[in-house]
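The values are calculated or read from the model by the stated rules, or taken from the named source; none is laboratory data. In this text the structure is predicted, and so the values were computed from the model without any measurement. Using ideal geometry, Cβ is built from the backbone for each residue, glycine included, and neighbour counts are taken over all protein chains shown. These accessible areas exclude ligands, DNA and RNA; they are computed on the full protein's heavy atoms, side chains included. Shrake-Rupley method; radii C 1.70, N 1.55, O 1.52, S 1.80 Å.
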Amino acid sequence: MSEPLKIDIARLMGRIEAMASVGQIEGGGVNRLALSEADRDGRDLLVEWMQDLNLQVTIDAIGNIVGQRSGSKNLAPVMTGSHLDSVATGGRYDGTLGVLAGLEVVERLDELNVETRHPIAVGCFSNEEGARFAPDMLGSAVYQGSLDLQSALNTSDADGCVFGDCLDAIGYRGNATVPAAPPHAFVELHIEQGPVLENAGITIGAVESVQGISWTEYTIDGVSNHAGTTPMSMRKDAGYAASALACAVREIATELGAPQVATVGALSLEPNLVNVVARRATMTVDLRNVDDAILIDAESRVAAVVDRISEREGVHIQSRILARFQPVRFSESIVRSVTHWAERLKLSTISMPSGAGHDAQMFAPRCPTGMIFVPSRDGISHNVREHTDRSDIEAGANILINLLTELATEDY
Ligand SMILES: [Zn+2]
């Protein structure tokens, strides 16, 4: 058995450092909102690096950038990649790690004169975060055909700036067609963005699945009245109804047990005054599970509670679905390969679900797909304090180079 391949961690950290200076904000983080000038500058740097590595660079109609290293055969590429866009107060590793680790894999394979049958492609997908344009994972969704190009281009941000116009403004509307053909396989290296690996003292997460997400907004209309003179029996209290729903949502998650989670993250009252019964409450419910059947059960339990509260308190409750993504299962053979390479490299590993959405999930219905997680200090992400240790980055990138090379050497 030949020795596992190893990446050059100093070079990878150098690129991460250089990219962190693009859109840099106080505290060591970045602000590279999708299609902003900082996003453009990050893309420019990436394209320059890809050209230095003699990759064949293509930019498609939604602004995804792909750099491809040739294989010995003209086959579908094995693909890796992630995103360079960030939330407004983002960290330097979310997404960036997956793109730059891909470049490091390519450069290292060149140095070692490793030839693969399949080409290896590194992708950088537009608007993964969804912090400026909805939905999130927009670029990868268009790339693999689950979102229509024209509707994605027509999406506008909170200021009314249309995606297609913003893409033109930064010069990244390319001519490669979407949807693109599915790759031979897709693997994404990403920081965990949660506390599981760190708490367990584990270096590598072999990601088995991505949670399904169900977001609903509720608008509760009651009757505004005097807090002192209105008898309790005569109230139609939107504030009370919202609170009752929030408590019920928590109980539903507890009843269903882990891994079901439920969150009321936004709640506002009108008129929001100390001595007035609220006439309106607006709130959101976020439900997530890796099992779609249980997620559907949670949704129907919440709906039943909504009906009961509406009837009991005499309030009118309107619901609006904000997002619904089904859970995604990754390729079992890629999960096994991640574990295999972790063992070969003497790294601790566990199989785990992802709590957050990622570009990889858009590939899962179209080709064998997987993800590698590395620990996030204190589980913190979408924050300038986001941090992953150098040794963990090295470990994750070492899994990536071996896995991509293995997949790209496959005889079909
Ligand atoms: Zn990300």
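With the convex hull of the Cα atoms taken as the outline of the range 317-380, the averaged projected area works out to 6.7 nm².
For the chain, the share of accessible area belonging to carbon and sulfur comes to 49 percent (1.4 Å probe, ligands and nucleic acids excluded). Between L112 and Q51, the distance separating the two model label sites (each 7 Å from Cα on the Cα→Cβ line) works out to 2.9 nm.
In the chain, once you exclude exposed GluC sites (Glu not before Pro) (DSSP loop, at most 16 other Cβ within 10 angstrom), what's the longest stretch remaining?
On the way: sites that count: E26, E115, E410.
In the chain, the maximal stretch lacking such sites is 116-409.
Per residue, the accessible area of the range 118-198 comes to 35 Å², computed with a 1.4 Å probe over protein heavy atoms only. With contacts taken as Cα pairs under 8 Å at a separation of at least 6 residues, the chain carries a relative contact order of 23 percent.
Please sort through the DSSP H helices of the chain and keep those with an alpha-carbon extent of at least 30 Å along the long axis and a Kyte-Doolittle average not below -1.0. Don't skip to the end; give the middle numbers.
Values: long enough: 292-313 (31 Å, 0.05).
Long hydrophobic helices here: 292-313.
Could you tell me the calculated FRET efficiency between S70 and E255, based on Cβ-Cβ distance and R0 = 60 angstrom, to the nearest 0.05? Once rounded, the FRET efficiency stands at 0.65. The Rg/Rh ratio of the chain, with both radii computed over alpha carbons and Rh defined as the Kirkwood radius, is 1.03. Per-residue ellipticity at 222 nm, computed for the chain from helices alone with -39500 (n - 2.57) per DSSP H run of at least four residues, works out to -11000 deg cm²/dmol.
Taking only the C-alpha atoms of the range 262-412, Rg followed by Dmax gives 22.0, 73 Å.
Just in the range 3-63: which trypsin sites (Lys or Arg not before Pro) are loop by DSSP and have at most 14 other Cβ atoms within 10 Å? It would help to have the intermediate numbers written out before the result.
On the way: sites: K6, R11, R15, R32, R40, R43; in loops: K6, R32.
Counting only loop positions with at most 14 other Cβ atoms within 10 Å, the trypsin sites (Lys or Arg not before Pro) in the range 3-63 are K6.
With N the number of residues in the range 104-242, Rg(Cα) / (2.2 N^0.38 Å) evaluates to 1.68.
Over the range 210-322, what lengths in whole Å, largest first, do the semi-axes of the equivalent ellipsoid take, defined as the square roots of 5 times the eigenvalues of the alpha-carbon gyration tensor?
On the way: eigenvalues 165, 32, 24 Å².
For the range 210-322, the semi-axes come out at 29, 13, 11 Å.
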